[in-house]
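Asks: One structure is given below, represented as structure tokens, and several questions about it will come after.
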Amino acid sequence: MAHNQPSVVAPYFRDIDQQREANTLGMWVFLATEVMFFGGLFMAYTVYFFNYPDAFHEGSRELNLILASINTFVLLTSSLTMALAVRSAQTDNRKWLIIFLIATIVLGLVFLGLKGVEYGEKFQHHLVPGPHFEWDGSFFYEVQLFFGLYFATTGLHALHMIIGVGVLTYFVFKAFRGHFTSVSYDPVEMVGLYWHFVDIAWVFIFPLYYLIDRTIQ
Amino acid sequence: MTTEQHSTTHHVMPVRTYLIVFALLMVLLAATIGVAFLHLGPFNRIVALTIALAKAGLIMTYFMHLRYSSKLALVFAGMGFFWLVIMLLIGMGDYIARGTIPGTF
């Protein structure tokens, strides 16, 4: 309560606790809309999975499990560094806040880089839906449907990563100028919630696309 | 409006907690990859999704600080999941009732 500096608490809030609660609730509402954004794709996945299970099993085996596993590890680690960045802001540790923010950005870029390698492989192997798609087995059209959903879902996820990396980069500059303190760390906490949400989205994408059936190989 | 103070915000968790959660996430990641190579039939899917839900739960509880958030924040956080379940249940109910999902009706 003693922290009620006018520069930190907006005039329309009673105190900093109320402001923080409003920020948190607003962010969770935004994340609920994001859940529905990805939810549409998960719904489409569920419908087509039950319609064409064999095609989905075969398509899934063409995805690069090693790169995706490394990427899952990278993304979970970036969530740890993001959480530690928020903690550094909470404890007024500007040096470690900047270090952890940069670590999160680097891990995010590693993820995007490996994703790019994966996409490149799909183009080389003619597994991108469209006129250049090649498939020797059965389910020519159904497997294209699988890869269409794969590109749409992982592409939407990658877009979220790019936006996250952009916001974090902006925050590194703000952190250098001392914008974030143990009182005014809310923006770091909010970008943290966004980053963890993107991580959770991947936690579901990973088993749904890469781990459908790996028993035959 | 009451003027009671909610000092639920600004709870600094120890670094140890974050590291333990991260270690658990790594164990679950190894488990989900390992299970995918076992012949379990439809249980492969169930185990994979249960592990994914456990990972999401750990991330939300500790990394996203829901453990120390207000009850209202918990309701807001559960909202997205709730709507997603409505969409999947009613959506799939429709597809199954129309007989477009093989092996159901």
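Asks: Which of the residues spanning segment B:84-102 are among the β-branched types (Val, Ile, Thr) and crowded, with 16+ Cβ neighbours inside 10 Å? Even if it seems obvious, please write down each step before you answer.
Replies: Initially, segment B:84-102 is screened for residues among the β-branched types (Val, Ile, Thr), giving B:85-86, B:90, B:96, B:100-101.
Passing the criteria: only B:Ile101.
Asks: Would you mind finding the one in A:Gly155, A:Gly108, A:Gly166, A:Gly113 that is small (Gly, Ala, Ser), crowded, with 16+ Cβ neighbours inside 10 Å and modelled with pLDDT of 95 or more?
Replies: A:Gly108
Asks: On the given criteria, is A:Phe147 surrounded by 13 or more Cβ atoms within 10 Å (Cβ to Cβ), modelled with pLDDT of 95 or more, more than 14 Å from chain B (Cβ to nearest Cβ) and closer than 30 Å to A:Asp17 by Cβ? Walk me through it before giving the result.
Replies: Values: surrounded by 13 or more Cβ atoms within 10 Å (Cβ to Cβ): yes; modelled with pLDDT of 95 or more: yes; more than 14 Å from chain B (Cβ to nearest Cβ): yes; closer than 30 Å to A:Asp17 by Cβ: no.
Against the criterion (surrounded by 13 or more Cβ atoms within 10 Å (Cβ to Cβ), modelled with pLDDT of 95 or more, more than 14 Å from chain B (Cβ to nearest Cβ) and closer than 30 Å to A:Asp17 by Cβ), A:Phe147 does not qualify.
Asks: Pairs needed: first member in segment A:55-70, at negative phi; second member anywhere, open to solvent by 30 Å² or more (accessible area, probe 1.4 Å) and of a type in the set (Asp, Glu); C-beta distance under 7 Å; at least 6 residues apart or different chains.
Replies: A:Ala55/A:Glu142; A:Asn64/A:Glu121
Asks: Shifting gears a bit: If A:Ile212 satisfies all but one of (1) open to solvent by less than 30 Å² (accessible area, probe 1.4 Å); (2) under 19 Å from A:Leu75 (Cβ atoms); (3) out of contact with any Asp or Glu (no Cβ under 9 Å at 6 or more places or on another chain), what's the number of the condition it fails?
Replies: (2)
Asks: Restricting segment B:57-72 to residues that are within 7 Å of chain A (Cβ to nearest Cβ) and in contact (Cβ under 8 Å) with a residue 40 or more places away in the chain, which is surrounded by the fewest Cβ atoms within 10 Å (Cβ to Cβ)?
Replies: Only one residue fits best here, namely B:Ser70.
Asks: Also: Of everything in segment A:48-74 that's part of a helix (DSSP H, G or I) and aliphatic (A, V, I, L, M), which residue is farthest from B:Pro102 (Cα to Cα)?
Replies: Taking segment A:48-74 as the starting set, the residues that turn out to be part of a helix (DSSP H, G or I) are A:48-51, A:53-61, A:65-74.
Checking the rest, the ones that are also aliphatic (A, V, I, L, M) come to A:55, A:65-68, A:70, A:74.
Details: A:Ala55: 14, A:Leu65: 29, A:Ile66: 32, A:Leu67: 33, A:Ala68: 30, A:Ile70: 35, A:Val74: 38 Å.
My answer is A:Val74.
Asks: Now for a different question. Within segment A:111-119, does at least one residue satisfy the condition of being hydrophobic (A, V, I, L, M, F, W, C) and within 24 Å of B:Ala31 (Cβ to Cβ)?
Replies: Within segment A:111-119, one or more residues are hydrophobic (A, V, I, L, M, F, W, C) and within 24 Å of B:Ala31 (Cβ to Cβ).
Asks: Residues that are among the aliphatic types (A, V, I, L, M) and within 21 Å of B:Ala77 (Cα to Cα): does segment A:166-182 have at least one?
Replies: No: zero hits.
Asks: Anything in segment A:83-105 that is open to solvent by 40 Å² or more (accessible area, probe 1.4 Å), of a type in the set (Val, Ile, Thr) and away from every other protein chain (no Cβ under 11 Å)? List them, or say none.
Replies: The answer is A:Ile99, A:Ile102.
One line per residue, one yes/no per condition, for (1) more than 26 Å from B:Ile33 (Cα to Cα); (2) in contact with a Leu (Cβ under 6 Å, 6 or more places away or on another chain); (3) among the hydroxyl-bearing types (Ser, Thr, Tyr):
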{"position": "A:Leu145", "(1), (2), (3)": "no, no, no"}
{"position": "A:Leu156", "(1), (2), (3)": "no, no, no"}
{"position": "A:Ile162", "(1), (2), (3)": "yes, no, no"}
{"position": "A:Thr169", "(1), (2), (3)": "yes, no, yes"}
{"position": "A:Phe180", "(1), (2), (3)": "yes, no, no"}
{"position": "A:Met190", "(1), (2), (3)": "yes, no, no"}
{"position": "A:Phe206", "(1), (2), (3)": "no, no, no"}
{"position": "A:Thr215", "(1), (2), (3)": "no, no, yes"}
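Asks: Ok, one more. Would you mind telling me which numbered condition in (1) open to solvent by less than 10 Å² (accessible area, probe 1.4 Å); (2) in a helix (DSSP H, G or I) A:Met43 fails?
Replies: Result: A:Met43 fails condition (1) only.
Asks: Of the residues that make up segment A:122-130, is at least one within 14 Å of another protein chain (Cβ to nearest Cβ) and either open to solvent by less than 50 Å² (accessible area, probe 1.4 Å) or over 30 Å from A:Phe173 (Cβ atoms) (or both)?
Replies: Let us first name the residues in segment A:122-130 that are within 14 Å of another protein chain (Cβ to nearest Cβ), namely none.
For segment A:122-130, residues within 14 Å of another protein chain (Cβ to nearest Cβ) and either open to solvent by less than 50 Å² (accessible area, probe 1.4 Å) or over 30 Å from A:Phe173 (Cβ atoms) (or both): absent.
Asks: Same structure, new question: Scan segment B:53-105 for residues that are assigned by TED's automatic domain parsing to the domain that holds B:Tyr18 and touching a Gly at 6+ places or on another chain (Cβ under 6 Å) and report the count.
Replies: Residues meeting the conditions: 0.
Asks: Can you go through A:Phe180, A:Phe139, A:Phe171 and tell me which one is among the hydrophobic types (A, V, I, L, M, F, W, C), within 26 Å of B:Met64 (Cα to Cα) and within 14 Å of another protein chain (Cβ to nearest Cβ)?
Replies: A:Phe180
Asks: Out of all the residues in segment B:27-46, which are within 16 Å of the chain's Cα centre (by Cα) and closer than 19 Å to A:Phe73 by Cα?
Replies: Within segment B:27-46, the subset within 16 Å of the chain's Cα centre (by Cα) is B:28-29, B:32, B:45-46.
B:Leu28, B:Leu29, B:Thr32, listed by residue number.
The values are calculated or read from the model by the stated rules, or taken from the named source; none is laboratory data. None of the values given here were measured: they were computed from a predicted structure. We place every Cβ from the backbone using ideal geometry, glycine too, and count neighbours over all the protein chains shown. Protein only, heavy atoms only, side chains kept; ligands, DNA and RNA dropped before computing areas. Shrake-Rupley method; radii C 1.70, N 1.55, O 1.52, S 1.80 Å.
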